[in-house]
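First the structure, in the form of structure tokens, and then the observations on it.
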């Protein structure tokens, strides 16, 4: 191609311009790297929406019937909805909607708002439904404000701190927990109301009429328009008590203060927060998408240091849940692995080539990385664990192009050609095979975009990094390398290098290859390879269980406790103190415990959803940093960071500590159910999550109980729980015939009860620049006993007083804490966690399916496998599609290069041989097969094709030069064995740190590195010895078909 030849010639003739371009590339690359945000994992955009509706004081059954079902029916026919799940709990309806792959989320959100606006059947006391798009935002760091001060002072300082935190660059939001808003309580005694013949409705009307400002229009005068506004009574308790409830004919007034009193106070607490055992207000920071986790956390910690000097001595500030610690530790370890890999690659090039050739070749690494970094920055990606690991994967690949070109140029120089001429001819000779080889490697990665699950989105940055850096390697191979090769490479003096005698090795390889491909031997070699592949697949199926992700050392965990549902918030708070003390007894405060945060009234369903209730307790435990574990953490990370890594004193790993915490806390009286969550290697979720769906509640209860009991007796399964546990006792009241005859309605009775025990929000007023509610409520003494409910006086519309027990039938029942639904049907959910050292989630779910899946003719219920089972099915469905698409793309590219259908087949048949090395590697290191193992195999396919097509291309080239079939195969092998070995060695060495040295937080990446490294080692052996014979077998088949066609034509 003349154009490409012109580019190569221009680069060789203009070395100064090439070098200036490299300097510019270096400057832009460094600036791009510094500008990219740093975070733990890529931001995963979830195609999900959440609708929350508050229905204060309503039971789960009331919420389901009056709110949840109404909203579900409105959305049931929307074409973009994949599934809809809901939870109706006390006072809240939460509906989660997941959209179909490819749906436009913005369009759906507009449609959803329109649908919600059309709903008119919601209860009057229910709030307007709130629609939000679920975004996987991870908290960066939390501050806790605590001390022995009055609540008002604590909350005021917390608000000031929140405002300062919002001014920090990169902060998206600051969530405040543990504070309470002000309210104005109008407290009236129902017995006094009955004696004065005053109804609740009269009080509510008086409050609304007097506290609201009333617009009066405008006066159009000569001075201009003057606005008129009727000003309400100021929101001061003394002024509100002067509001007249009733006026008699003589002008006498019955004022609110005559029948009750008004006070400004904090709202009733729904949650309590404690930090290191003291009451606190917690402020959690979430960053913007473009901000760096490390930079935002550093600024927040700087603010905390300033606050410690400025706050009163009675107030203290502590920080916890600092994700920047994990980000820095993981990124530094991956950088360390990259440094080791880079050094090993450079050493191998120096050993296997001469020093000049190694320098020319290795220059492709920084050039490719810089191009990749620049493109990543402008595409909007971040520096995170996954993107850095993608750079590790591609570390060995990006020198493949340079190795092939440099080795070919160097071969011509060794044959006596002038360096510039060798650079031109050698580069053009391999140009198209190199381009196609690189494109096939890209083709193996690009289909990862087709993996549509959350995990697919999670790893989407890998093909982006690989594609961008490989583009950089092509630029380097055909522009930078020829320029440097033409001016740097020189023929080596005729002397034997003692550590690599290539000629002797080539002679031995050529003899072995000639014997392998001759006659029947090539068929035996292929059959032996197929047999080895079958044995490997059988071993993998029977001895290597599958799991999504392995265990990761994370110094943080969340303990979620459920107490008996009769526990009040204050009683749960008392139990929380016992739990805190038990954790303190378990952990060494000097060596293990960092901080401990306690939330009462809330727990985590998973890392994106929370649950609320007076009987819930959550402990968030941050551990101190662990001691350095392995070679990388001890010796290499300090070099990368230009200082010693800040490792900690903790010796026990997090899993050991969690197991002891689980065992000890379970013994404490009052702990009914417990689960412990810890951040995982990938997107978080339950290991086991099973839904029982049916229209019949009895069937749901029976199947749920059976599955729960079955899981509890399985080895390695813990934290088993279901949501069908009985809820709180309910007093259900219904207007009877006597009440109807007296002119009462169910609404009037409900208003009286609501005012007595919850309080009616009558009107909102503005005080201290905040909107606060005015609540009508009965004295606390009347709200303490159930007997007071039966004796609750109700003023009749016609005058007079009756008790609730006279006009309503009251019965005691017990409902559910939560009512779940899935696509319009009732659903119970069972969750559990699995110890991967003993069992795997997929094995457990397979057992559940065999044991409990209903027969084909049984439509009374169905099982939904969610959690890791669903993630695996979605991810591997996408992975299979990606593999098929990759193979199709590779086949088309090879067909275009070889102008043949059979030659691409010979190249692609080498791909399965890589599986042998994958299985051997996992068996050696005792790894289960994981999702990232499969990603590594997908990447492996592209590299195998890369090496194979270069060999086949040279075989065809030798045949065109007049060599017979066997000689062409042997001679092509002699010519290509060195670059193939070099590409294999450099790729293996690039990922070897993660294979042999990965510990702690980077260990979860090892299975992908094992798949890639060991798969390539075994595949290379087969490419060099078996692929030539396979090519000849395909050629035998081609000749056979030609002879058959000729014989048919002759007949």
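Some notes on this structure:
- The helices (runs of 4 or more DSSP H) located wholly in region 725-802 that include 3 or more residues which are more than 49 Å from the chain's Cα centre (by Cα) occupy 737-741, 787-790.
- Condition check for residue 81 on (1) touching a helix residue (DSSP H, G or I) at 6+ places or on another chain (Cβ under 7 Å); (2) surrounded by fewer than 20 Cβ atoms within 10 Å (Cβ to Cβ); (3) touching a residue at least 40 places away in the same chain (Cβ under 8 Å): one failure, at (3).
- The number of residues in region 297-321 being touching a residue at least 12 places away in the same chain (Cβ under 8 Å), farther than 23 Å from residue 389 by Cβ and not in a strand (DSSP E or B) comes to 11.
- Count of residues meeting criterion [part of a loop (DSSP other than H, G, I, E, B), within 20 Å of the chain's Cα centre (by Cα) and closer than 14 Å to residue 307 by Cβ] in region 132-170: 0
- Condition met for residue 160 (loosely packed, with under 15 Cβ neighbours inside 10 Å and outside the structural domain of residue 68 (by TED's automatic domain parsing)): yes
- A single entry from 1028, 1007, 979, 993 fulfils the requirement of being in contact with a strand residue (DSSP E or B) (Cβ under 8 Å, 6 or more places away or on another chain), within 30 Å of residue 935 (Cα to Cα) and assigned by TED's automatic domain parsing to the domain that holds residue 438: 1007.
- Of the listed requirements (1) surrounded by 14 or more Cβ atoms within 10 Å (Cβ to Cβ); (2) outside any strand (DSSP E or B); (3) at pLDDT 90 or above, residue 554 misses just one: (3).
- Hey, residue 116 in the same structural domain as residue 81 (by TED's automatic domain parsing), part of a helix (DSSP H, G or I) and in contact with a strand residue (DSSP E or B) (Cβ under 8 Å, 6 or more places away or on another chain) or not: yes
- For the condition buried (at least 21 other Cβ atoms within 10 Å of the Cβ), modelled with pLDDT under 85 and more than 16 Å from residue 467 (Cβ to Cβ), residue 394 does not qualify.
- Close pairs from region 187-211: first under 19 Å from residue 773 (Cβ atoms), partner modelled with pLDDT under 85, Cβ under 7 Å, at least 6 apart: 200/751; 200/752; 200/755; 204/760; 210/232; 211/232
- Residue match in region 22-31 (condition: at pLDDT 90 or above and farther than 30 Å from residue 295 by Cα): no
- Test for residue 435: is it under 19 Å from residue 893 (Cα atoms) and surrounded by fewer than 24 Cβ atoms within 10 Å (Cβ to Cβ): yes
- Looking only at region 230-252, residues that are out of contact with any strand residue (DSSP E or B) (no Cβ under 6 Å at 6 or more places or on another chain) and either surrounded by fewer than 11 Cβ atoms within 10 Å (Cβ to Cβ) or more than 22 Å from residue 266 (Cα to Cα) (or both) come to 9 in all.
- Taken as a whole, region 1011-1021 holds at least one residue that is more than 20 Å from residue 393 (Cβ to Cβ), part of a helix (DSSP H, G or I) and without any contact (Cβ under 8 Å) to a residue 40 or more places away in the chain.
- Screening 966, 985 for residues that are part of a helix (DSSP H, G or I), under 26 Å from residue 429 (Cβ atoms), touching a helix residue (DSSP H, G or I) at 6+ places or on another chain (Cβ under 8 Å) and modelled with pLDDT of 85 or more leaves exactly one candidate, 966.
The values are calculated or read from the model by the stated rules, or taken from the named source; none is laboratory data. These numbers come from a predicted model, not from an experiment. Positions of Cβ are generated from backbone atoms using ideal geometry, with glycine treated the same way; all protein chains shown enter the neighbour counts.
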